[in-house]
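What follows is a single structure, written as structure tokens, with notes after it.
Please treat every number below as a calculation from the coordinates, not as lab data. Quick caveat, the model's predicted, so the values are computed rather than measured. Here the Cβ is made from the backbone with ideal geometry for all residues, glycine too, and neighbour counts use every protein chain on show.
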Amino acid sequence: MFKPVQMFADWLTYGVFGLGRETLAGGAVNFFVFDTIKIFILLAGIIYAVSIMRTFLPPSRVREIILKKSRFAGHLWAAALGIVTPFCTCSAIPLFLGFIQTGIPLGVTFSFLVASPMINEVALIMLFGMFGWKIALLYAASGYAIAVIAGLIIGRLRLEHLLEGFDQTKRVQNAVLGADMPWAERRDYAKDYTLDILKKVWPYVLIGIGVGAWIHGYVPQDLLARYAGADKWYAVPLATLVGIPLYSNAAGIIPLVSALTEKGVALGTTLAFMMAVTGLSLPEFMILRRVMKAKLLFIFFGIVGAGIMFTGFLFNFIMR
Amino acid sequence: MKKIQIFGGGCAKCGILYQHAEAAAKALGLDYEMEKVSDYEKIAEAGIMATPALAVDGKVKLEGRVPTIEALKELLK
């Protein structure tokens, strides 16, 4: 599918720039041109398609679906719908209250809150573009499992007493917005959303792929295996910790991580790092503090963090 | 008198929706009143889960996006 892009990258690198095919610079530039174009095509196309789909699934519709399910199915559905619902920190509180106050259990709400930022379309597209569909699928499946399990645990722990800052006895009606949007509006929405995301991520994508291309071309093979190979126990917790402050920058970090993986960082470590970047977001936690006690946030953080590390260790063990 | 409410916790998009809605109301020559709702509990109470959102005379018309002024005119009619 990306053959014409590769031909263009070859033509630009070896023809126009006159770099040698066997040189390091040639390899790095070719890699940069090809990956940048490929990633932007994927981002534009897939985000547009996903946004069109989203106009049929506004959050109130999602809530209605979850409300109709039994508790266990509720977790499965909440995590699945979290994947297709975009997560914005500014909407986190209305979303949270909107779930709790219509009677959706706390644990089910958390399944949604974990899945929504962790399995987002930008991260999946970048993983698909840089690592291939197998890794992207592995990431989505592990993230989904963590979301369902973390929600189930929080539900079992009965932590409703740790909520605060709003009237918990109040129940609101679920008002479903009509999905009768004209197609022209759906296309407008998808176009705006796609442009918004592209505007936000393009510098990170360029820098990420640029540094990635440099590592790809200049850093010796297996350099990092000594420090971050599968046999190093500390690699996974360290990767998780480092990932936390890098929230919402999946676009720039994935190309970088892909280059590091090539140089010997184990796959499980890479997955843990990526999940920490997207799933453990400090702004999200700070804003959620308005509706829950710090203790509940720590429990949430701890369970998701443990899930991420477990995933990392598991894949390092399997792939060894 | 139409009551136009804009819901949102002060994000950049909420401001844009406010401006667009006001421009649309003016273009239609409506007799209107604008209100900003930023209290989270009130937002949730209205059944809104994604900001910015817009309600006309207490009825939620859209959530989580900023349409064009043209599209807003349709909603405000």
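General observations
- The distance linking region A:262-305 with region A:6-83 is 22 Å (Cα centroid to Cα centroid, whole angstrom).
- Net charge over other residues, Cβ less than 15 angstrom from the Cβ of A:GLU164 (K, R count +1; D, E count -1): +2
- Most mobile of B:ALA23, B:ALA50, B:ALA12 in a GNM of chain B (Cα contacts under 10 Å): B:ALA12
- Each of the peptides A:233-239, A:106-112, B:51-57, A:96-102 was scored by the mean count of other Cβ atoms within 10 Å over its residues; in descending order, highest first, they stand as A:106-112, A:96-102, B:51-57, A:233-239.
- Estimated [θ] at 222 nm from DSSP helical runs (n ≥ 4, -39500 (n - 2.57)) normalised by residues in chain A, nearest 500: -23500 deg cm²/dmol
- Degrees between helix A:267-279 axis and first principal axis of chain A (Cα, 0 to 90, nearest 10): 50
- Cα pair distances exceeding 32 angstrom across chain A, given as percent: 33
- Cβ neighbours within 10 Å from other chains - mean over A:83-94: 5
- Residue of A:LEU267, A:LEU280, A:LEU162 that the Gaussian network model of chain A assigns the largest fluctuation, springs spanning Cα pairs under 10 Å: A:LEU162
- For residues of B:64-75, the mean tally of beta carbons on other chains within 10 Å: 4
- Cα long-axis angle, helix A:183-218 against chain A (0 to 90 degrees, to the nearest 10): 50
- Inter-centroid distance (Cα atoms) of region A:217-250 relative to region B:18-77, Å: 46
- Inter-chain shielding of B:49-60 (mean C-beta neighbours from other protein chains, 10 Å cut-off): 4
- Listed pairs A:LYS200/B:LYS77; A:LYS134/A:LYS232; A:LYS170/A:LYS295; B:LYS36/B:LYS61; A:LYS170/B:LYS36 exceeding 26 Å between Cα atoms: A:LYS200/B:LYS77
- Free-standing Cys residues across the protein assembly as shown, given no other cysteine C-beta under 4.7 angstrom: A:CYS88, B:CYS14
- Helix B:12-28 vs. chain B, principal-axis angle (Cα, 0 to 90°, nearest 10): 30
- Those trypsin sites (Lys or Arg not before Pro) in region A:1-109 that DSSP places in a loop and that have at most 10 other beta carbons within 10 Å: A:ARG21, A:LYS68
- Computed from phi, the 3J(HN,Hα) profile of region A:79-90 under the Karplus parametrisation 6.51, -1.76, 1.60 (θ = phi - 60°) reads 5, 5, 6, x, 4, 8, 8, x, 10, 10, 4, 6 Hz, with x in place of Gly and Pro.
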